[in-house]
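The values are calculated or read from the model by the stated rules, or taken from the named source; none is laboratory data. This one's a predicted model, so the numbers in the text were calculated from it and none came from an experiment. When we count neighbours, we look across all protein chains shown, and the Cβ atoms used for this are built from the backbone with ideal geometry, even at glycine. Protein only, heavy atoms only, side chains kept; ligands, DNA and RNA dropped before computing areas. Shrake-Rupley method; radii C 1.70, N 1.55, O 1.52, S 1.80 Å.
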Amino acid sequence: MYASPVREAIRGLKAYVPGLSIAEIQEKYGLSQVIKLASNENPLGTPPLAQQALRDAAATAFRYPQGGNPRLVKALARRHGVSEARVVVGNGSDEILDLLIRLLLTPGRHSMVCFAPCFSIYPIQGQVCGVEVRRQPLRQDFSHDYAALAGLVDESTRLVFVTTPDNPSGYCPPRAEVEALAAHLAKTAPDCLLVVDEAYMDFVGDDDAAEAQYSLLAGGCLPDNVAVVRTFSKVWGLAGMRVGYAVLPEALAGYCWRARLPFSVNILAEEAALAALEDTVFHEETLRVTRLGRVQLRQGMEELGCTVWPSAANFLMFQLPGGKDAGACVDVLLRRGIIIRALKSYDLPQHLRVSVGTEEENAVFLAALGDFLQGKQA
Ligand code: PMP
């Protein structure tokens with residue numbers, strides 16, 4: 001009998017835990033309507049221009065995409081004011097994060113550094129690649145201690161991951177602090193790349209000017225030991241199409257293209273992403289709804305006695321009052337057709353995360369949470 005003799009590191013691997021899907025909750029509880037506030041997707045759906053592009057491009061699905069996705073690369077380079085040679089697109093930003101680990105770290109020899117907790121794909125893919133993953137605990141208030149993070153870096157370290165705004169807390173460090181970390185690494189660890197994951201950067205602040213204060217991409221002059229990673233899954237409303245991208249040092253971008261599977265951004269995903277970038281109405285409405293919804297959820301949850309952490313993203317991390325059980329809350333909401341995220345897979349068993357939905361979805365969630373806290377199950 002074949003014994004599936006996978007590598008030691010894979011035997012101990014815990015899979016990434018995604019937010020529960022609408023279909024599985026509908027089926028499990030026999031519900032017709034489900035509100036999903038678990039994976040920080042766009043509450044407005046797929047951008048109308050992207051939907052049209054998908055319909056228009058449907059008949060081209062039998063063709064391979066153009067190698068290197070040059071039209072999308074060009075559009076992104078223009079958007080961020082960087083050279084096309086520095087842009088790489090991938091099958092979600094997950095693919096690019098994984099690619100960077102595989103390209104830069106030799107198993108058994110090199111290490112990577114990230115916070116604990118952090119977006120779980122970094123340590124999981126590190127483990128898949130068989131490299132040492134060093135974790136720095138976040139401060140008590142979920143802010144980032146960069147001196148401590150840099151303290152874990154030595155001559156074996158090839159990658160440091162920072163998420164800004166952070167997942168799952170929503171904390172966003174000032175840009176100057178991240179730049180100072182990059183400068184420190186450039187001096188003390190010249191072979192180490194700082195990966196700044198800006199998946200949620202579009203949502204930072206209360207107006208469009210804020211992004212320039214927080215994003216390392218603002219201004220178009222990135223430190224040369226930094227990669228910024230972004231995604232079409234959030235503000236651009238295309239999580240299911242799987243498109244992400246990075247702005248990288250030019251030579252590294254070239255290696256990414258060589259190592260990336262040739263057609264990982266498929267022909268429909270590329271068309272949808274290009275059209276989404278043109279959909280300024282959808283983009284503005286997404287930001288408006290998210291900023292208002294963030295306030296609505298915070299106020300509502302605080303009125304119910306929850307502890308809500310400050311968030312610059314399209315989700316809020318919170319704890320229930322009076323030590324009420326987070327797992328029980330998730331279960332009760334699920335029965336009512338509302339999916340939020342338990343954070344036990346982030347080693348935060350009493351914390352929860354809720355994505356910002358539409359005004360109506362947020363109100364339904366708040367009412368159900370209020371009922372749970374008062375012991376009403378209906
Ligand atoms: N980075 C962070 C911080 C995320 O939260 C996510 C998605 N949850 C990703 C990257 C991955 O996004 P994508 O859908 O582009 O793979």
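Does the stretch 90-110 hold any residues that are farther than 19 Å from ASP224 by Cα, within 16 Å of the ligand (Cβ to nearest atom) and either touching a strand residue (DSSP E or B) at 6+ places or on another chain (Cβ under 6 Å) or polar (S, T, N, Q) (or both), and which are they?
Hits for the stretch 90-110 are GLY90, ASN91, GLY92, SER93.
Residues of the stretch 186-206 being under 21 Å from the mean Cα position of the chain (by Cα) and either more than 21 Å from SER93 (Cβ to Cβ) or assigned by TED's automatic domain parsing to the domain that holds ASN42 (or both), which ones? First the steps, then the outcome.
First, the residues of the stretch 186-206 that are under 21 Å from the mean Cα position of the chain (by Cα): 193-206.
Of everything in the stretch 186-206, those that are under 21 Å from the mean Cα position of the chain (by Cα) and either more than 21 Å from SER93 (Cβ to Cβ) or assigned by TED's automatic domain parsing to the domain that holds ASN42 (or both) turn out to be GLY205, ASP206.
Only helices (runs of 4 or more DSSP H) wholly contained in the stretch 200-281 count here; list those with 2 or more residues that are modelled with pLDDT of 95 or more and within 27 Å of THR60 (Cα to Cα).
Where helices (runs of 4 or more DSSP H) fall fully within the stretch 200-281 and carry at least 2 residues being modelled with pLDDT of 95 or more and within 27 Å of THR60 (Cα to Cα), they are 250-259, 267-278.
Do we find a residue being modelled with pLDDT under 95 and over 23 Å from the mean Cα position of the chain (by Cα) anywhere in the stretch 284-306?
Within the stretch 284-306, not a single residue is modelled with pLDDT under 95 and over 23 Å from the mean Cα position of the chain (by Cα).
Does the stretch 303-322 include one or more residues that are of a type outside the set (D, E, K, R), in the same structural domain as ARG102 (by TED's automatic domain parsing) and in contact with an Asp or Glu (Cβ under 8 Å, 6 or more places away or on another chain)?
No, every residue in the stretch 303-322 fails to be of a type outside the set (D, E, K, R), in the same structural domain as ARG102 (by TED's automatic domain parsing) and in contact with an Asp or Glu (Cβ under 8 Å, 6 or more places away or on another chain).
Among the listed residues ASP154, ASP166, which satisfies the condition of being within 16 Å of the ligand (Cβ to nearest atom) and among the acidic types (Asp, Glu)?
ASP166
Name the pairs: first residue in the stretch 342-362 and over 22 Å from GLY322 (Cα atoms), second residue part of a strand (DSSP E or B), Cβ to Cβ under 7 Å, at least 6 apart or on different chains?
That search, which allows pairs on different chains as well, returns SER355/PHE315; VAL356/PHE315; GLY357/ILE35; GLU361/ILE35.
Mind checking which residues of the stretch 143-169 are within 23 Å of the chain's Cα centre (by Cα) and of a type in the set (Asp, Glu)?
Answer for the stretch 143-169, where residues must be within 23 Å of the chain's Cα centre (by Cα) and of a type in the set (Asp, Glu): ASP145, ASP166.
Identify all residues within the stretch 107-143 that are among the hydrophobic types (A, V, I, L, M, F, W, C) and within 17 Å of ASP347 (Cβ to Cβ); write none if there are none.
The answer is CYS114, PHE115, ALA116, CYS118, PHE119, ILE121, ILE124, VAL133, LEU138, PHE142.
Go through the stretch 204-238 residue by residue and tally those that are in contact with a strand residue (DSSP E or B) (Cβ under 8 Å, 6 or more places away or on another chain) and either of a type in the set (A, V, I, L, M, F, W, C) or more than 10 Å from the ligand (Cβ to nearest atom) (or both).
Qualifying residue count, the stretch 204-238: 11.
Quick check: anything in the stretch 134-145 part of a strand (DSSP E or B), open to solvent by 20 Å² or more (accessible area, probe 1.4 Å), over 21 Å from ASP98 (Cα atoms) and modelled with pLDDT of 95 or more?
First, the residues of the stretch 134-145 that are part of a strand (DSSP E or B): 134-137.
Now narrow it down to the ones that are open to solvent by 20 Å² or more (accessible area, probe 1.4 Å): 134-137.
With over 21 Å from ASP98 (Cα atoms) added as a condition, the list becomes 137.
Of the ones still in play, those that are also modelled with pLDDT of 95 or more are 137.
The answer is yes; a qualifying residue exists.
What are the pairs with Cβ atoms under 8 angstrom where one residue, in the stretch 80-93, is part of a strand (DSSP E or B) and the other, located anywhere, is open to solvent by 40 Å² or more (accessible area, probe 1.4 Å) and away from the ligand (no atom under 16 Å from the Cβ)? Sequence gap at least six, or different chains.
Once the first residue is part of a strand (DSSP E or B) and sits in the stretch 80-93, its partners that are open to solvent by 40 Å² or more (accessible area, probe 1.4 Å) and away from the ligand (no atom under 16 Å from the Cβ) give VAL88/TRP257.
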